[in-house]
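What follows is a single structure, written as C-alpha cells, with notes after it.
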Amino acid sequence: MVKIPPLLRPSNLLRRNYVTKTHHPLPTQQLTSTPPPPPPSLQPYFPPSDKKTKKNSLQPSRTKPLTPPKDTKPIFTSRNLTDAQKTFDYILSTSPFPLDTRHYNSLLESYTQICTLDDSISFVKYMQTKQPSFSPDRLTYNVLFCQSLKYLLTPEWEADYVRKITDFMVTDGFSLNHGAFDLFVRSVCSIGREERAVELVKELSVRCSPPSYSTYNFLVRHLCKSMELGSVYEFIDEMRDSMRPDLATYTILIDFVCKSKNLREARKLFGVLGAAGFKPDAFLYNTIMKGYCMLNMGSDVIGVYKEMMEKGVKPDIVTYNTMIFGLSKVGRLEEARKYLGVMVEMGHNPETVTYTTLMNGMCRKGDAIGAVGLLGEMEGMGCEPDSCTYNTLLHGLCKKRLLDKGMELYEVMKSKEIKLEPASYATFVRMLCREDKIAGAYEVYDYAVKSKSLTDVAAYEALENELKWLKKAKAKAQGIA
C-alpha cells in the first residue's frame, strides 16, 4: 500500500489554500454565479443562546476581563532570619513604588507564619533599620500578639512570649490597649486555658496596665465555671492592688453560688457587697429568690421581697414572676394569687409564664378545674396562652381523671395546632387506655406523629406500654372472675 505524502492530502491542501488565500482560475460559467462559501470545517461555530440568560439589548454588555490566576506562592520560603532579610532587601530595591506601613505589616504577617516570635521581633527591628520611615503601629504589635497566641496550645508556652512583645512596645512608646488585652484573655479562655489567662492578666497588669472591667469580669465568670470558688476568690484578692471588684463582679459571684445551691455563701456575699459600698439592685435580689426556689424554699422569697421594699429597691416583673413561681411550687397558692394582684396594681402586666406557673401550682394541688378557670381570666387580660399552658392543663386534668374536660381541651389544642409534650401525651394516652377508649388513644397517637410532637418510636412506645398494661389488666380480671 502506497502512502500519500502529507502535503498532497486533501485536508492539508484545503487548509493551505485557505490560509494563504491562493486564488485558482475558475471556469467561465462560475464567474457570474455566487462564490462558494468557505469550507464548513473552517466556519466558526456559535452555540445557540439561552433565552433565559439573554440580556437587554439596551444595556451595554459587560464582559468580565480575563485575569491571570493569583500566585499563591508565599513571599518567605525560609524561616531563617538572614534569608528573610535578604528577601526584604530584594523587595525594597525592586519595588516600583515606596512602601508604607501597611506593606511592612503585610510582610511581617507573612513571615510570622513560619518563624519564631524572637525572629519576628528581630525582623521588625531590621525593617526599622533599613527603612527609617517605617514606624510600627498597633497593627504591627497585634500581628506579633496573634503569633504568640499560636503557642497557647503547646506546653512550651510561657508568659515570657507576651513579655517580649510588651517590652518592645514600651521601647517604641506604646502601651497595651484594652482591645488587645481583651483579645488575649478571650482567646485563651476560648480554648479552656483559664489558668494561663490568670497568669497573663497578672503579668500584664504589673508591666503595662490593668484590663478593663469588661475583660476582668469576663475572666471571673469563666473562672467560676472551671475552678473552685476558693481559687476565684484568690484571683480577686491578688488583683485588688490593680482593680477592685465592682457591682457586676459581685453579681457574677452571687449568681454562681445561687446556681450551686449555696445560699449561705450568697448571703455572705451580700454583706461583703454592702461593706464595699455597693447597693444591691433588683437583679441581685431576683437571683437570690431564684436560688431559694431551686431549693424548694419558696416561702423565703417573701422575706427577700420585704427586704427589697425596706431598702427602696423597686421590684420588677421578674421579681413578681419569681415570687409566684416559688409560692406556687410549695403550695402557697393563696399568697401567689395575692401577689398576682399586687403585680397588676404596681403596673406590671402578667405574662403567659405568670399564669402558667400559677396553673401548674393549682394542678399540683389538685385544683385542675380552678386552673382551667384561670385560663379564661388569662385570655380576658389579653394574655395569649402558649403550648406550655395547654400541656400543663391537659396533664393536670388527666391526673385528676377528668377525661371529658381533657378531651375538650385536646380538641382546642388540635384546632390551634399545638404540639403535645411528652409528659402530657403519655398521661393522656394512659387515661384513654384505662378508660378502654383504644380508638381515641390511636387518634391521639396519629396527631402526635403528624404534628411532630414526638418521634414515631417515642409516641408508639408510650402507646404500646399502655396497651400491654390494659391487656394484662383484662386477663387478670377474667382470671379472677
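Selection of first residues in the stretch 391-406 that are polar (S, T, N, Q) and of second residues that are in a helix (DSSP H, G or I), restricted to Cβ pairs under 7 Å at least 6 apart or on distinct chains, gives the following pairs, ordered by first then second residue: ASN391/SER424; THR392/THR356; THR392/MET359; THR392/ASN360; THR392/CYS363. Residue pairs whose Cβ atoms lie under 7 Å apart, separated by 6 or more positions or on different chains, with the first residue in the stretch 263-278 and under 10 Å from LEU253 (Cβ atoms) and outside any loop (DSSP other than H, G, I, E, B) and the second at pLDDT 90 or above and among the aliphatic types (A, V, I, L, M), are GLU265/VAL257; ALA266/ILE254; ALA266/VAL257; ALA266/ILE288; LEU269/LEU253; LEU269/ILE254; LEU269/VAL257.
Any residue at all in the stretch 427-448 that is in contact with a His (Cβ under 7 Å, 6 or more places away or on another chain) and within 19 Å of LEU375 (Cβ to Cβ)? There is at least one residue in the stretch 427-448 that is in contact with a His (Cβ under 7 Å, 6 or more places away or on another chain) and within 19 Å of LEU375 (Cβ to Cβ). Consider the stretch 337-368 and keep the residues that are farther than 26 Å from ASN296 by Cβ and assigned to a helix (DSSP H, G or I). The one that is nearest to the chain's Cα centre (by Cα) is VAL344.
Residue count for the stretch 204-242 under the criterion of being outside any helix (DSSP H, G or I) and either within 30 Å of the chain's Cα centre (by Cα) or without any contact (Cβ under 8 Å) to a residue 40 or more places away in the chain (or both): the result is 10. Checking GLY298 against (1) modelled with pLDDT under 90; (2) surrounded by fewer than 20 Cβ atoms within 10 Å (Cβ to Cβ); (3) within 22 Å of ALA336 (Cβ to Cβ), only one condition comes out false. Which one? In the conditions (1) modelled with pLDDT under 90; (2) surrounded by fewer than 20 Cβ atoms within 10 Å (Cβ to Cβ); (3) within 22 Å of ALA336 (Cβ to Cβ), GLY298 misses (2) alone. Among the residues of the stretch 369-399, the ones that are closer than 17 Å to LYS329 by Cβ and of a type in the set (A, V, I, L, M) come to 2 in all.
The set of residues in the stretch 319-347 being within 23 Å of ASP281 (Cβ to Cβ) and buried (at least 18 other Cβ atoms within 10 Å of the Cβ) consists of THR319, TYR320, ASN321, THR322, MET323, ILE324, PHE325, GLY326, LEU327, TYR339, MET343. Taking the criterion of being acidic (Asp, Glu), surrounded by 14 or more Cβ atoms within 10 Å (Cβ to Cβ) and over 17 Å from ASP89 (Cα atoms), the only residue of the stretch 115-149 that qualifies is ASP137.
Applying the criterion of being farther than 13 Å from GLN131 by Cα and out of contact with any helix residue (DSSP H, G or I) (no Cβ under 7 Å at 6 or more places or on another chain) to the residues of the stretch 91-110, the residue that is surrounded by the most Cβ atoms within 10 Å (Cβ to Cβ) is SER110. When LYS86 is tested against (1) outside any loop (DSSP other than H, G, I, E, B); (2) of a type outside the set (Gly, Ala, Ser); (3) modelled with pLDDT under 90, just one condition goes unmet, and that condition is (3).
The values are calculated or read from the model by the stated rules, or taken from the named source; none is laboratory data. Keep in mind the model is a prediction, meaning the values are calculated, not measured. All Cβ positions, glycine included, derive from the backbone under ideal geometry; neighbour counts span all protein chains shown.
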